[in-house]
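To start, the structure under review is shown below, and the notes come after it.
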Amino acid sequence: RVVGHFGAPFVAALLPRGAVVAIAGGRTIRELVQLLPEDKERHLTVVQAMGSIASTIGPEDALETGRILARRSGGRFEAFNAPAFVPDRKTRDAFLALAQIRSVREQLAQANVAVVGVGTLTNSVFAARGALRSREVEELAACGAVGEICGRFYDKHGRECSSCWRDRVLSVDLEQVRRIPQVIGVVAGGDRSAALAAAIRGHLLNALVIDENAARFLSTAIRN
């Protein structure tokens, strides 16, 4: 709540009128979005950056944070109507071939701003929802995964890890993220310092909204 309270005016200043905004979910993002100044003349196009993790949608999911941001800005919301992950690559490719999914991905490719969370193998929305099985966590660890953005796990250099998980995710990909002019990471807590440092090295983030504890740990991680 503290990060959301003090971060909201900063993020609002980075959302130009008429912008296309890719948005992820997360507890801290939810708090921040709810506290953004209401401006019905901003007319943002808000695009869900990743499919839904479960059939039960919680208030911290991107589907809800995106709707709130669109409503508060007098804009519109584009939902990524697909699961966040599927059993195999063939199923993923079938979803990607759908006209509705192609349209959302085209919107993501035009994003001016992204608001994302940063997770780890053990502390992410996937871990919280039990979406990652122990075997998959072990495989990602063996690939060198240290962080996660929109369901994409990356190594200490910010490069997406090559694993079977990569072929199952339906979300904005990391190369698309790098092309977005303004990518804002919203994070609370010091346990994600390695993930944050790797995302910065890999040019996945160029702005941060974090608490003092996270900043202290991140400073140490970058020096090391």
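The values are calculated or read from the model by the stated rules, or taken from the named source; none is laboratory data. This structure is a prediction, so every number in the text was calculated from the model and none was measured. Cβ: placed from backbone, ideal geometry, glycine included. Neighbour counts: every protein chain shown. Surface accessibility is based on the protein's heavy atoms, side chains included, excluding ligands, DNA and RNA. Shrake-Rupley method; radii C 1.70, N 1.55, O 1.52, S 1.80 Å.
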So D93, is it at pLDDT 95 or above and of a type in the set (D, E): yes
Any residue in region 1-28 that's over 16 Å from D61 (Cβ atoms) and at pLDDT 90 or above: show its pairings with residues that are of a type in the set (S, T, N, Q) and surrounded by fewer than 16 Cβ atoms within 10 Å (Cβ to Cβ) at Cβ separation under 6 Å, as long as the two are six or more apart or on different chains. V20/Q110
In region 177-193, which residues are surrounded by fewer than 18 Cβ atoms within 10 Å (Cβ to Cβ), assigned to a helix (DSSP H, G or I) and not basic (K, R)? D191
Any residue in region 158-176 that is surrounded by fewer than 20 Cβ atoms within 10 Å (Cβ to Cβ) and farther than 24 Å from K90 by Cα? no
Here's a check for you: in region 202-217, which residue that is closer than 24 Å to D173 by Cα and without any contact (Cβ under 8 Å) to a residue 60 or more places away in the chain is most open to solvent (accessible area, probe 1.4 Å)? H203
Reported set for region 40-56 where residues are assigned to a loop (DSSP other than H, G, I, E, B), at pLDDT 95 or above and in contact with a strand residue (DSSP E or B) (Cβ under 7 Å, 6 or more places away or on another chain) is L44, A49
Quick check: anything in region 63-82 in contact (Cβ under 8 Å) with a residue 60 or more places away in the chain and outside any loop (DSSP other than H, G, I, E, B)? no
Could you count how many residues in region 91-139 are among the aliphatic types (A, V, I, L, M) and touching a residue at least 60 places away in the same chain (Cβ under 8 Å)? 12
Looking at this structure, is D155 among the acidic types (D, E), more than 24 Å from G4 (Cα to Cα) and touching a residue at least 40 places away in the same chain (Cβ under 8 Å)? yes
Tell me yes or no: at least one residue of region 129-147 is within 24 Å of V104 (Cα to Cα), among the hydrophobic types (A, V, I, L, M, F, W, C) and either touching a helix residue (DSSP H, G or I) at 6+ places or on another chain (Cβ under 6 Å) or assigned to a helix (DSSP H, G or I) (or both). no
Tell me yes or no: at least one residue of region 17-24 is open to solvent by less than 50 Å² (accessible area, probe 1.4 Å), assigned to a loop (DSSP other than H, G, I, E, B) and either among the charged types (D, E, K, R) or touching a Gly at 6+ places or on another chain (Cβ under 8 Å) (or both). yes
Filtering region 201-215 for residues that are of a type outside the set (G, A, S), part of a helix (DSSP H, G or I) and either in contact with a helix residue (DSSP H, G or I) (Cβ under 7 Å, 6 or more places away or on another chain) or at positive phi (or both) leaves a count of 1
Of everything in region 104-124, what is part of a helix (DSSP H, G or I) and open to solvent by less than 50 Å² (accessible area, probe 1.4 Å)? Give them in sequence order. V104, Q107, L108
I want to confirm something. Restricting to region 25-59 and keeping residues that are among the polar types (S, T, N, Q) and farther than 14 Å from A114 by Cα, which single residue is surrounded by the most Cβ atoms within 10 Å (Cβ to Cβ)? T28
